[in-house]
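Visitor: There's a structure below that I have some questions on.
None of the figures in this text is laboratory data; all of them are computed from the coordinates on show. Every value quoted in this text rests on a predicted model; they were computed, and no experiment measured them. No Cβ is skipped: glycine too gets one built from the backbone with ideal geometry, and neighbour counts run over all protein chains shown.
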Amino acid sequence: MTVGVITQARMTSTRLPGKVLMSAGGATMLAHHVTRLQRAGLAVHVATTTNTTDDPIVEAAVALGAPVHRGSEHDVLGRFAGAVGQFGLDTVVRVTSDCPLIDGAVVARGVQAFEEAGDPDLYVSNALERSYPRGFDFEVFSTAALLDADRHAREPAEREHVTPYLYSGRRPLLTVRRDGDASRLRVTLDTADDYELIRRLIEEHDAADLDAEQIIAVLESHPELVAINAHVEQKKLGH
């Protein structure tokens with residue numbers, strides 16, 4: 001069984017354009033993201049758009065040793081379907097590149113849970129029922145499930161957000177949880193304040209070399225860091 005991570009990335013973020021190529025600690029957010037996944041032994045692939053504005057993402061991904069698929073900007077589900085065909089994957093791990101401090105070991109736990117279950121219809125994630133901070137999100141599902149969604153999903157939100165068709169009551173769900181609820185914390189990159197927090201975590205607390213639990217511990221012991229982006233509201237599905 002061929003398992004691969006597909007991370008989606010584009011330069012035209014509505015709230016923070018170019019965010020994935022912003023830097024902290026001498027590396028881009030995309031480099032931190034890809035490297036942290038690769039350290040866990042995961043094969044990482046980048047799905048970006050055919051827009052010329054995303055040429056820099058292609059160049060950065062290739063330099064990181066991450067193969068690239070290019071597809072529609074807005075039909076991200078179709079982009080993922082094209083990617084699994086190009087890369088020959090049987091099992092897909094979906095992440096997003098606005099999670100520069102994602103913990104590859106946590107993602108690997110999800111892959112292990114999916115493989116041990118032995119059910120190709122299963123959808124595994126830590127994002128539907130949150131116990132990890134936002135910014136450590138992953139989803140695991142079979143290529144067959146993804147292609148089924150690509151054939152049948154019609155709603156714009158289903159096409160843009162890739163997986164709603166999978167987890168909307170059509171398949172068995174499995175949640176990967178941590179001991180203790182840290183879902184109030186936010187380590188994802190969507191606004192300038194998010195960037196400031198992540199930059200400080202990397203440059204002042206060596207977060208690029210910390211795992212999820214160590215990053216959570218830093219945040220819990222530094223409420224002034226948590227306050228930087230505590231006001232940020234996550235964009236709602238379909239907006």
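Visitor: Could you work out the helix-only [θ] at 222 nm for the chain, with each DSSP H run of four or more residues adding -39,500 (n - 2.57) and the total divided by the number of residues, to the nearest 500 deg cm²/dmol?
Guide: Values: 10 runs with 96 residues, N = 239.
Value at 222 nm, helices only, nearest 500: -11500 deg cm²/dmol.
Visitor: Taking only C-alpha pairs under 8 Å that are 6+ residues apart, what is the relative contact order of the range 22-155 in percent? Intermediate results must be reported in sequence, preceding the final value.
Guide: Working: 184 pairs, mean separation 32.4, N = 134.
Averaging sequence separation for qualifying contacts and normalising by length gives 24 percent for the range 22-155.
Visitor: Could you check the spin-label model distance between Ser23 and Glu224? Points 7 Å from the Cα along Cα→Cβ, value in nm.
Guide: About 2.7 nm, to one decimal.
Visitor: Along its three principal axes, how long is the range 168-222 when you only count alpha carbons? Whole Å, largest extent first please.
Guide: Cα extents, longest axis first: 43, 26, 19 Å.
Visitor: With θ taken as phi - 60° and the coefficients 6.51, -1.76 and 1.60, list the Karplus ³J(HN,Hα) couplings across the range 21-32 in order, rounded to whole Hz; mark glycine and proline as x.
Guide: 10, 5, 10, 7, x, x, 9, 6, 4, 5, 5, 4
Visitor: Mark the label point 7 Å from the Cα of Ser168 along Cα→Cβ and return the residues of the range 141-159 whose backbone N is within less than 18 Å of it.
Guide: Those under the cut-off are 145-159.
Visitor: For a Förster distance of 30 Å, can you work out the FRET efficiency between the beta-carbons of Asp55 and Lys235, rounded to the nearest 0.05?
Guide: With R0 = 30 Å, the Cβ-Cβ based efficiency is 0.70.
Visitor: On to the next question. Sketch the reach of a paramagnetic label on Ala217 as a point 7 Å from Cα along Cα-to-Cβ, and name the residues of the range 170-187 whose backbone nitrogen lies under 12 Å away.
Guide: Taking a point 7 Å out along Cα→Cβ of Ala217, no residue of the range 170-187 has its backbone N under 12 Å.
Visitor: If amide hydrogens are placed 1.01 Å from N in the peptide plane, which non-local residues have theirs closer than 5 Å to the one on Phe138?
Guide: Residues meeting the criterion, in which the H sits 1.01 Å from N, are Asn126, Ala127.
Visitor: Could you give the semi-axes, largest first, of the ellipsoid that matches the chain, computed as the square roots of 5 times the alpha carbon gyration tensor eigenvalues and rounded to whole Å?
Guide: 26, 21, 17
Visitor: So if each residue of separation counts as 0.36 nm, and I subtract the Cα-Cα distance between Ala105 and Ser131, what length gain in nm does that give?
Guide: Numbers: separation 26, 0.36 × 26 = 9.36 nm, distance 1.57 nm.
Difference between extended and current length: 7.8 nm.
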